[in-house]
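K.L.:
Once you've had a glance at the structure underneath, I'll fire off some questions.
The values are calculated or read from the model by the stated rules, or taken from the named source; none is laboratory data. Just so it is clear, the structure is predicted and the values come from calculations on it, not from any experiment. Neighbour counts are summed over all protein chains in view; Cβ atoms, including those assigned to glycine, are modelled from backbone coordinates with ideal geometry.
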Amino acid sequence: LSSQKAAILSSLNDAQRRAVTSDAPTVAILAGPGSGKTHTLTSRVVWLVDHVGIRPEDVIVATFTVKAAREMKERIGKALGNGREKKIVLGNFHSIARRYLAAYGRHIGLNQKFGIADDADSRAIIKRICNRKPVQPDPAAVRAWISKKKAKGTEVDKKNARKDAAKNKGLQDLEECYQEYQSHLEKSNLLDFDDLLVKCVELLQKFPSCVSNIQTVLIDEYQDTNGIQYELMKLFAQRHKRITIVGDPDQSIYGWRSAEVKNLWRFLADFRATAEISLEENYRSFRSILDLSLLVIQQDKNRYKKMLKPIHNRGPRPVLRKLKSASAEGDWIVSEIKRVMMMSGGMLTNNDVAVLLRSASLSRHIESALGKAGVAYKMIGGFKFYDRVEIKVIIDYLRVIYQPENNDALGRIMNVPKRGIGEGTIQKLHEEARQASISVWALLSKHSRGERTAKTRIAAPMEQKIVTTLLRPLDIIRKKIGESAGPGGTPFGLVEVIEQLLSSIEFQKHMQLTYPDDHEQRWANVQELVSLAADFVRDLAQSGEDDILPEIEGLEQAKETEVLPRFLANVSLAADAQTGDKDEESKPVVTISTIHAAKGLEWPIVFVPAVYNGSIPHLRAEDNDEERRLLYVAMTRAQNLLYLSCPVFCSDGKEDGPPSRNQLSPFIEPINRAFANKGPCLDRPVMSEIAKVLGRKLPSEDDIFRELPTMFSIEDNIFPVDPEQKQTDSTNEAPRAAKRPRLSG
Ligand code: ATP
Ligand code: MG
């Protein structure tokens with residue numbers, strides 16, 4: 001054990017070691033980017049399990065993105081061994097809350113078969129409610145208000161609200177919308193993202209024994225917790241009150257989700273005995289990257305100041321490049337990627353590159369530039385695979401299979417594929433079901449059994465069609481699922497469910513008819529969904545998370561045996577998960593990500609395109625300081641090379657008249673002279689500095705040069721290199737230096 005102990009501690013500096021081994025019940029680590037906060041947190045988990053002897057299942061670790069959770073689990077797993085990390089309750093707040101609700105929710109009267117209403121669902125429901133109002137309120141504003149109300153973590157004081165409402169008509173409308181929205185969710189047995197947290201708080205308040213085994217709670221990216229997450233954290237830790245939090249106020253970027261840096265000061269006030277530890281060395285980036293990032297964040301005069309000094313050398317200066325248009329920007333990024341790859345002689349690969357975007361809509365130009373040049377990429381965050389039309393339909397079908405009472409989902413699939421059923425008919429069905437206080441599905445089943453009444457509003461043939469093409473096929477699938485779960489049942493797994501579904505509704509034919517131009521791509525997406533489902537099933541089998549929560553005496557726990565609901569939850573909660581990562585090992589790919597989803601991660605080479613006013617800060621952003629922090633987060637992801645760029649002309653609205661000009665982001669404008677305006681020289685000394693930071697081996701110069709002919713094709717317009725020429729070069733020592741491609745881009 002002692003050598004193991006030494007291994008945990010050897011990769012830490014003094015302050016980190018103090019944090020990892022601290023006996024204090026509450027520990028707070030506040031420090032800047034790249035100072036090893038996450039590294040320290042994962043080491044502390046390993047320390048607590050391995051050295052202090054806490055059982056892994058008695059540890060809760062919360063973080064904010066799916067990707068960060070996955071990386072943490074991997075790191076902890078490597079150190080612990082024996083797959084013990086699988087027992088740790090590790091994930092983002094929502095997925096942890098969902099797990100507890102699935103296990104114990106019925107004790108607070110939750111229907112065990114609850115589904116999750118994701119953002120799009122919530123939006124649609126609220127829109128419908130607003131449309132019914134005489135004075136139609138703005139659905140987006142209503143939604144924001146409702147979400148804020150829930151996320152604050154304070155019980156609604158109905159009396160007060162009513163008093164306020166009397167004074168304020170607008171508030172009354174909001175209250176009404178809120179009530180209707182909530183009752184709609186309840187009827188459909190859905191929880192929205194906020195409800196997952198609210199309900200979990202309720203559960204843990206009423207049944208503290210659910211978490212009576214929990215010895216310690218650790219939270220990464222603490223600066224982004226909101227009020228309700230704060231309550232949840234305290235409830236998780238209510239028995240032993242041992243909490244470790246790790247965060248950086250400068251990286252608080254979820255204010256729009258009601259995250260409050262205030263919770264940081266609240267923590268320190270609530271837990272007086274907290275050991276506060278600061279980490280002051282940045283292990284991630286070259287000094288020049290850190291210097292410029294600090295120049296950005298220091299424009300915020302009200303920030304909580306911390307020390308952060310680089311341990312690495314200066315390295316090349318970050319680049320700020322203006323380009324004519326967004327598509328020129330994309331091409332420039334591709335050419336830089338290629339140049340860097342070439343000069344590194346294989347030490348760096350596309351896996352080392354990330355393009356970080358303020359908003360998902362910026363990805364189009366980047367994707368097309370990479371696509372044109374044949375550079376493979378993957379996307380994380382914001383670009384929801386699950387938002388594609390054809391995928392949403394299948395997910396809605398699966399939701400109905402799982403929860404036939406989900407009227408919203410049923411309404412959306414009623415005429416997809418086309419069944420000749422109009423919006424009017426769907427409305428009538430909804431209305432009739434509402435009056436009968438049953439679900440649309442139940443209503444249709446009733447009618448199909450011949451129980452039509454005088455009040456029945458839609459024509460029998462129409463209804464018959466819905467029954468034969470929708471209800472029956474789905475019922476068959478539901479039955480098969482039920483049978484396979486019973487003893488001695490024939491296996492009918494998730495993949496089979498989807499495949500049978502696709503064939504029974506003739507989905508491929510529907511694609512061909514509806515999307516003659518790109519049905520192949522869309523069908524490929526559907527196939528991707530099938531393979532994601534297969535992966536999900538496999539991962540589940542491997543992780544054996546079926547009974548992850550330990551038995552609590554006197555409190556019955558529901559075991560999650562059904563795969564479908566867990567898959568659906570995963571779809572809803574993994575909005576920031578990546579797609580297309582299966583080739584990761586075989587083929588290096590560039591990462592395209594939103595800045596939000598890149599939080600906590602790092603790459604040797606980072607591009608931040610579109611740094612113009614209106615993009616960052618975003619046109620519709622309410623809080624400029626938060627936008628600045630967002631840029632700071634983006635810049636501090638880079639280890640070795642950082643590129644900012646800005647298209648001079650707007651590419652949209654180009655029809656007539658002169659194109660409008662973009663202004664450089666006000667966060668960058670005052671310091672723009674500190675940047676280089678073209679890609680850095682990437683000579684041998686620079687490359688070996690990079691190798692040092694990354695702990696990699698730089699290939700010999702001869703090897704690099706031999707690689708060149710294979711790395712470039714003739715039509716490469718960036719470095720037109722004549723293959724003949726190069727061959728002579730590589731056999732001729734002397735003139736090589738002179739004939740080498742330009743070193744700066
Ligand atoms: P962020 O605020 O961006 O989340 P962080 O503070 O969590 O950053 P980490 O991601 O934990 O920082 O660490 C940044 C990098 O520094 C990682 O590659 C990590 O392995 C490395 N690192 C951390 N501590 C040390 C150390 N003591 N010695 C060497 N490398 C370290
Ligand atoms: Mg971190």
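K.L.:
Among the candidates GLU562, GLU528, which residue alone is within 20 Å of SER484 (Cα to Cα), surrounded by fewer than 19 Cβ atoms within 10 Å (Cβ to Cβ) and at pLDDT 75 or above?
P.N.:
GLU562
K.L.:
Kindly evaluate ILE60 against the criterion of being more than 12 Å from ligand 1 (Cβ to nearest atom), over 14 Å from GLU221 (Cβ atoms), over 24 Å from the mean Cα position of the chain (by Cα) and not in a helix (DSSP H, G or I). I'd like the intermediate steps shown before the answer.
P.N.:
Values: more than 12 Å from ligand 1 (Cβ to nearest atom): yes; over 14 Å from GLU221 (Cβ atoms): yes; over 24 Å from the mean Cα position of the chain (by Cα): no; not in a helix (DSSP H, G or I): yes.
No; evaluated as a whole, the condition is false for this residue.
K.L.:
Right, next: Go through the range 213-245 and give me each residue that's within 16 Å of ligand 2 (Cβ to nearest atom) and at pLDDT 95 or above. I'd like the intermediate steps shown before the answer.
P.N.:
Step one: of the range 213-245, the residues within 16 Å of ligand 2 (Cβ to nearest atom) are 218-225, 244-245.
Passing the criteria: LEU218, ILE219, ASP220, THR244, ILE245.
K.L.:
Could you grab me the full set of residues in the range 9-41 that are more than 21 Å from ALA638 (Cβ to Cβ), of a type in the set (A, V, I, L, M, F, W, C), buried (at least 21 other Cβ atoms within 10 Å of the Cβ) and near ligand 1 (Cβ under 9 Å from one of its atoms)?
P.N.:
ILE29, LEU41
K.L.:
If I filter the range 596-628 down to residues being within 16 Å of ligand 2 (Cβ to nearest atom) and surrounded by 24 or more Cβ atoms within 10 Å (Cβ to Cβ), which single residue comes out as farthest from the chain's Cα centre (by Cα)?
P.N.:
So the first thing to find is which residues in the range 596-628 are within 16 Å of ligand 2 (Cβ to nearest atom), and the list is 596-603, 606.
Add one more test, that the residue is surrounded by 24 or more Cβ atoms within 10 Å (Cβ to Cβ), and what stays is 596-599, 606.
Numbers: HIS596: 8, ALA597: 5, ALA598: 9, LYS599: 10, VAL606: 19 Å.
It comes out as VAL606.
K.L.:
Scan GLY382, GLY420 and give me the residue that is outside any helix (DSSP H, G or I) and either crowded, with 16+ Cβ neighbours inside 10 Å or at pLDDT 90 or above (or both).
P.N.:
Values: GLY420 fails: either crowded, with 16+ Cβ neighbours inside 10 Å or at pLDDT 90 or above (or both).
None of the other options fit; the residue is GLY382.
K.L.:
Being at pLDDT below 90 and out of contact with any His (no Cβ under 6 Å at 6 or more places or on another chain) narrows it down to one residue among ARG303, ARG284, ARG321, ARG317; which is it?
P.N.:
Being at pLDDT below 90 and out of contact with any His (no Cβ under 6 Å at 6 or more places or on another chain) holds for just one of ARG303, ARG284, ARG321, ARG317, which is ARG303.
K.L.:
Of the residues LEU197, LEU290, only one is over 28 Å from PRO550 (Cα atoms), in contact (Cβ under 8 Å) with a residue 60 or more places away in the chain and in contact with a His (Cβ under 9 Å, 6 or more places away or on another chain); which? Quick ask: steps written out before the conclusion?
P.N.:
Details: LEU197 fails: over 28 Å from PRO550 (Cα atoms).
One residue alone meets the criteria, LEU290.
One line per residue, one yes/no per condition, for (1) of a type in the set (Lys, Arg); (2) outside any helix (DSSP H, G or I); (3) in contact with a Cys (Cβ under 6 Å, 6 or more places away or on another chain):
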position: ALA19; (1), (2), (3): no, no, no
position: ALA28; (1), (2), (3): no, yes, no
position: HIS51; (1), (2), (3): no, no, no
position: MET72; (1), (2), (3): no, no, no
position: SER95; (1), (2), (3): no, no, no
position: ARG99; (1), (2), (3): yes, no, no
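K.L.:
Right, something else. Scanning the range 270-296 for residues that are within 17 Å of TRP603 (Cβ to Cβ) and among the aliphatic types (A, V, I, L, M), which turns out surrounded by the most Cβ atoms within 10 Å (Cβ to Cβ)? Explain how you work it out, then say what you get.
P.N.:
First pass over the range 270-296, keeping only residues within 17 Å of TRP603 (Cβ to Cβ): 282-286, 288-290, 292-293.
Imposing the further condition that a residue be among the aliphatic types (A, V, I, L, M) reduces the set to 289-290, 292.
Details: ILE289: 28, LEU290: 26, LEU292: 22.
Here the answer is ILE289.
K.L.:
Looking at (1) modelled with pLDDT of 90 or more; (2) not in a strand (DSSP E or B), find the lone condition where ILE116 falls short.
P.N.:
(2)
K.L.:
What do you reckon, is LEU9 at pLDDT below 95, more than 15 Å from ligand 2 (Cβ to nearest atom) and not in a loop (DSSP other than H, G, I, E, B)? Steps first, answer last, please.
P.N.:
Details: at pLDDT below 95: yes; more than 15 Å from ligand 2 (Cβ to nearest atom): yes; not in a loop (DSSP other than H, G, I, E, B): yes.
Yes.
K.L.:
So which pairs qualify, if the first residue must be in the range 323-342 and farther than 14 Å from SER363 by Cα, the second must be part of a helix (DSSP H, G or I) and of a type in the set (Phe, Trp, Tyr), the Cβ gap must be under 9 Å, and the two must be at least 6 apart or on different chains?
P.N.:
LEU323/TRP332
K.L.:
Checking the condition at pLDDT 95 or above, part of a helix (DSSP H, G or I) and either among the aliphatic types (A, V, I, L, M) or under 30 Å from GLY36 (Cα atoms) (or both), which residue from LEU641, LEU630 passes? Show your work before the answer.
P.N.:
Values: LEU641 fails: part of a helix (DSSP H, G or I).
That would be LEU630, the only listed residue that is at pLDDT 95 or above, part of a helix (DSSP H, G or I) and either among the aliphatic types (A, V, I, L, M) or under 30 Å from GLY36 (Cα atoms) (or both).
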